[in-house]
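Data first, discussion second: the structure below is written as structure tokens.
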Amino acid sequence: MDLDNTLINYDLAFLQGARDLGLVASDWRGDKKQIRDYLCLQDGGESQWQTLQGQVYGRLITHARLFDGVYRFLWRCHQRGFAVDLVSHKTEYGHNDSNRVPLRQVALEFLASHGIAPGEGGLLRGVSFENTREQKVQRIIENSYDWFVDDLTEVLADESLPNELGRILFDESAQGPRGGIESYRSWAEIEHRLLGAWTERELLALAETLASATVTSVKWATRGGNSGLLEVVMDNGKKSALKLYPEHTGHDRLSSEYNSIKVIKAHDACSSVPSPLGCDLELSAAMYEW
């Protein structure tokens, strides 16, 4: 998969950077695309955009975050034994960056801070940084991937890519397939397309991650797509409830529910409310008393 704007979401970083550089008013709001469209209407807008990119992919990367659902996708790939690489068109330094912040190094540090550093036992097999888009395409060809996910149509539509390569456009405004390229609006959709239903092995591993204990069995109680409720039996015979949540674009349902239950239990306000036992925001899952 691609890195910038596919795995890493820079919307907040672009907004912060545009404000810092005085390119927009302090109360201006918008995502990456809206900022670029706005700047392109201004004199010297393209140069301003390139300068902003250099800042965002460098010193302002701390304002970025992972796209919702991408960590869980990588975690499930790891559980299945599927190797995942990042192939990124990223120069060593940003445009017009007098501070010479090493973009590739800060990107690797960002990945490490989010628990997805490449290497043996990690969620990523490797990361390749290429100086040009043409070199990026060549790297994809050389590595003979089954699938490649990118946010840029021009990469996926490159005529030199092999016909057998599965191509997915990550586009939050996706309207469906185009010219042999599948397009999806979220990582939840990509997860469903490439990985499908959860396997028992994945569910056991997920339950043990949340419980920090040995699990003997998991069984669906209710389910819908990649969300639902499971009955978990521990090795001591005790039951717990494992809940999978949909991605939280617009509303973090997991945090709302889990933290609300913690408050209720802390005040002993309702004996019928199950005790919260553990949660993992990146995996969109929580465990409760059965």
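Bear in mind these aren't lab numbers, they're just calculated from the coordinates by the rules spelled out. All values derive from a computational prediction rather than experimental measurement. Backbone-built Cβ (ideal geometry, glycine too); neighbour counts: all protein chains shown.
Key figures for this structure:
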item	result
Model label zone, Thr153; criterion: amide N under 12 Å from point 7 Å along Cα-to-beta-carbon; scope the stretch 129-145	none
Translational diffusion of the stretch 64-127, µm² s⁻¹ [Kirkwood Rh, Cα pairs; Stokes-Einstein; 37 °C; 0.692 mPa s]	253 µm²/s
Dipole magnitude of the chain, debye to nearest 20 (Cβ charges: Lys/Arg +1, Asp/Glu -1, about Cα centre)	740 debye
Rough spin-label spacing in nm, given labels placed 7 Å along Cα→Cβ, for Lys262 and Glu142	4.7 nm
Gyration tensor over alpha-carbon atoms, the stretch 28-106, equivalent ellipsoid semi-axes in Å	30, 17, 11
Size-normalised alpha-carbon gyration radius of the stretch 219-290, reference 2.2 N^0.38 Å	1.12
Most mobile of His78, His251, His192 in a GNM of the chain (Cα contacts under 10 Å)	His251
Normalised contact order of the stretch 154-290, rounded percent, pairs of Cα under 8 Å and 6 or more residues apart	16 percent
The chain: angle of helix 11-20 to the longest principal axis, Cα-based, in degrees nearest 10	50 degrees
Sparse-neighbourhood loop sites, trypsin sites (Lys or Arg not before Pro) in the stretch 163-258 - DSSP loop, at most 12 other Cβ within 10 angstrom	Lys238
Shape of the stretch 176-266, Cα gyration tensor, a/c cut at 1.5	oblate
